[in-house]
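Below is one structure; the comments refer to it alone.
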Amino acid sequence: MELQSIKQRFGIIGNSPLLNRAIDIAAQVAPTDLSVLIAGESGTGKEVFPQIIHQMSARKHGHYIAVNCGAIPEGTIDSELFGHEKGSFTGAHEKRKGYFEVADGGTIFLDEVAELPLSTQVRLLRVLESGEFMKVGSSNVIKTDVRVVAASNVNIPKAIEQGTFREDLFYRLNNVPLFVPPLRDRKDDIHLLFRKFAADFAEKYRMPPLRLTPDAIRVLSNYYWPGNVRQLKNVTEQISIMEKEKEVDATTLKNYLPGVSSPDLPVLFKKEEEEHFSDRELLYKFLFDMKKDLTELKKVVVGIMEKDDSKFDSEQTKSLLIKDINDEIEQVQHKIHDVEITPELHKSDEQFHPSEVIEESLSLAAKEREMIEKALEKHRGKRKNASKELGISERTLYRKIKEYNIRN
Ligand SMILES: Nc1ncnc2c1ncn2[C@@H]1O[C@H](COP(=O)(O)OP(=O)(O)OP(=O)(O)O)[C@@H](O)[C@H]1O
Ligand SMILES: [Mg+2]
């Protein structure tokens, strides 16, 4: 099928080469039974890809089941995926079919696959390799024919290093890797997406659609979009609801972009702000370039090691060297994350004290974290109840738990 008609059928907006490449891979791999592992930051639009793969395969009349591995409690995930026998654990009053049995002849989408407990990873590997599994509490082997598409917004090779993800499972899932690029790498698509969302919300709220001034388009396209397309959609909805004036200028738009300076900055800073990158953007760019360089360096070092073994006296030297580089990369990644979650510093006057400002902005994040921890404690780790209490969706809670590294 033509790229354009796939986009139309699945409501995908954008023409960036990186996005086209991802769609092309999905379309090509669809008719096979290969497992596909979709990688990409949160909000980049991963969820549509397993649907393309299922719909364009011979399995399209079979079941399509999407499972969010991170939202299912560890204690029940095996039973959800593979089913259980009556009485196999407290509360198992009836026997139950798991998704792998129900989806026989179809496709299962394992979203947030890196969240699977190690014991479940073993079961998953077996079913991927042999098509065989056993229900919880049973020793009968059941056969199934399921195609698996998985997705993750975490770095799985890193999870392997940390021992939370099985390397063999990674290779088995990663038959075909598919990368969904972050929005900041599809700059030309940003305004296109904005216009589409603005038109949708105009219809939903029965109002004329938003328009952006040329300056605002520039701000929109150069923003970092840490939350990717999801954030762009949310921002468009917020502006659609909040702003009476439907022509939105750069100053108004900036109010809706976390991390971008507010309009009430002193004139002194404002001018500079509009013509140059902000400090934060520069810091971002610097850190990202540094990460890229380190990753390149790692490739070069590994290349040399493979080619010329004699230069390295022992396996230990090699692994120490790689570990050092990995540690550096990780540290840079942490710094990048800090910049992402820290709201823009307020430059209220010329003598601003960076340390104070950072403390103040971090304290907001700390408050949020504290509230989440309290709610989880109160509901004894039950995310569903905690999210209700906090007034956020379970998925948002799940994302925040990961973002703040909260033990749950
Ligand atoms: N190219 C696109 N065209 C139109 N809408 C898009 C596009 N990409 C993403 N979206 C929309 O953005 C939102 C977020 O996408 P999605 O839920 O697929 O993200 P994700 O990559 O699965 O994120 P997460 O890792 O957080 O689960 C959805 O509402 C989706 O419809
Ligand atoms: Mg998703």
(1) within 16 Å of ligand 2 (Cβ to nearest atom); (2) in contact with a Lys or Arg (Cβ under 9 Å, 6 or more places away or on another chain) all hold for Gln121 apart from (1)
Considering residues of the stretch 83-108 that are touching a residue at least 12 places away in the same chain (Cβ under 8 Å) and hydroxyl-bearing (Ser, Thr, Tyr) only, the residue farthest from ligand 2 (Cβ to nearest atom) = Ser88
Is it the case that some residue within the stretch 129-148 is within 16 Å of ligand 1 (Cβ to nearest atom) and under 19 Å from Gly40 (Cα atoms)?
-> no
Take Lys204 and decide whether it is out of contact with any strand residue (DSSP E or B) (no Cβ under 6 Å at 6 or more places or on another chain) and surrounded by 14 or more Cβ atoms within 10 Å (Cβ to Cβ).
-> no
All but one of (1) more than 30 Å from Phe194 (Cβ to Cβ); (2) at pLDDT below 95 hold for Ala71, so report the exception by its number.
-> (1)
Picking from Thr44, Thr32, the residue that is at pLDDT 95 or above, within 15 Å of ligand 2 (Cβ to nearest atom) and among the hydroxyl-bearing types (Ser, Thr, Tyr) would be Thr44
Under 7 Å by Cβ, and 6 or more places apart or on different chains, what pairs join a residue from the stretch 177-206 that is among the small types (Gly, Ala, Ser) with one that is part of a loop (DSSP other than H, G, I, E, B) and surrounded by fewer than 20 Cβ atoms within 10 Å (Cβ to Cβ)?
-> Ala198/Pro209; Ala199/Pro209; Ala202/Pro208; Ala202/Pro209
Index of the failed condition, Ile241 passing every other in (1) assigned to a helix (DSSP H, G or I); (2) within 26 Å of Glu47 (Cα to Cα) | (2)
Of (1) among the β-branched types (Val, Ile, Thr); (2) part of a strand (DSSP E or B); (3) farther than 20 Å from Leu178 by Cβ, Val149 satisfies all except one. Which?
-> (3)
Just for the stretch 219-249: of the residues that are basic (Lys, Arg) and closer than 20 Å to Ile13 by Cβ, which one is farthest from ligand 2 (Cβ to nearest atom)?
-> Lys233
Has the stretch 91-102 got at least one residue that is under 30 Å from Lys402 (Cα atoms), within 19 Å of the chain's Cα centre (by Cα) and not charged (D, E, K, R)?
-> no
Within the stretch 72-115, can you find the residues that are β-branched (Val, Ile, Thr) and either touching a strand residue (DSSP E or B) at 6+ places or on another chain (Cβ under 7 Å) or over 24 Å from Asp168 (Cα atoms) (or both)?
-> Thr90, Val102, Thr107, Ile108, Val113
Would you say Phe49 is among the aromatic types (Phe, Trp, Tyr) and over 26 Å from the mean Cα position of the chain (by Cα)?
-> no
What pairs can you find where one residue is in the stretch 114-143 and on the phi > 0 side of the Ramachandran plot and in contact (Cβ under 8 Å) with a residue 12 or more places away in the chain, the other is surrounded by fewer than 16 Cβ atoms within 10 Å (Cβ to Cβ) and of a type in the set (Asp, Glu), and their Cβ atoms are less than 8 Å apart, with a gap of 6+ or different chains?
-> Gly131/Asp145
Is at least one residue of the stretch 93-112 under 30 Å from Glu41 (Cβ atoms) and assigned to a helix (DSSP H, G or I)?
-> yes
Any chance you could count how many residues in the stretch 365-374 are over 24 Å from the mean Cα position of the chain (by Cα) and among the aliphatic types (A, V, I, L, M)?
-> 0
Being modelled with pLDDT under 80 and in contact with a Gly (Cβ under 8 Å, 6 or more places away or on another chain) narrows Glu330, Glu344, Glu356 down to just Glu344
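The values are calculated or read from the model by the stated rules, or taken from the named source; none is laboratory data. In this text the structure is predicted, and so the values were computed from the model without any measurement. Because the Cβ atoms are built from the backbone with ideal geometry, glycine has one as well, and the counts that use them run over all protein chains shown.
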